[in-house]
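S.K.: Structure provided below as structure tokens; questions to follow.
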Amino acid sequence: MNVLEEVVSSAGPDLVEHASPTRSEPRFAVPDAARAFVLEAVYEGYLMHYGTPRLFDDLDDDLGLLGGDALYALGLSRLAETGDLQAVAELADLISRSARAHAEGRADEVEAMWDWTARALAG
């Protein structure tokens, strides 16, 4: 099972029934499987809030928002289980900065924020 399939299967029954049959590639090249899962889950949550999800289709606005929150929580809780609170703080800060950038009309800056955080967590 690849990392994106693992995100889908871990998302819970309300989201799994909306799993997209289209196969996407992972967004991040992170050698650590646990961190790759975390980044992909949280990024998918971000896409549910602000973009077009890669892994789920036919979500109404409410389910998309709640599903995004669930994926944020899934990723952060998996990361917290490792005990790396610095990484949890880094990722939580990314979620906050991404939301702020969108609210301030700076959405074009967000992908670079994700890239920087992915490099920090991969290192």
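The values are calculated or read from the model by the stated rules, or taken from the named source; none is laboratory data. Since we're looking at a predicted model, the values are computed, not measured. So basically every Cβ, Gly included, is an ideal-geometry build from the backbone, and we count neighbours across all protein chains shown.
S.K.: If I ask for residues that are loosely packed, with under 15 Cβ neighbours inside 10 Å and not acidic (Asp, Glu), which ones from region 3-19 would you list?
M.R.: Result: 9, 12, 13, 16.
S.K.: Looking only at residues in region 39-66 that are free of Cβ contacts under 8 Å to residues at least 12 places away in the same chain and of a type in the set (Asp, Glu), which one is farthest from residue 98 (Cα to Cα)?
M.R.: Among those residues, the one meeting the criterion is 60.
Yes/no per residue for (1) of a type outside the set (Phe, Trp, Tyr); (2) on the phi < 0 side of the Ramachandran plot; (3) out of contact with any helix residue (DSSP H, G or I) (no Cβ under 7 Å at 6 or more places or on another chain); (4) at pLDDT 95 or above:
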site	(1), (2), (3), (4)
41	yes, yes, no, yes
44	yes, yes, no, yes
61	yes, yes, yes, no
64	yes, yes, no, no
76	yes, yes, no, no
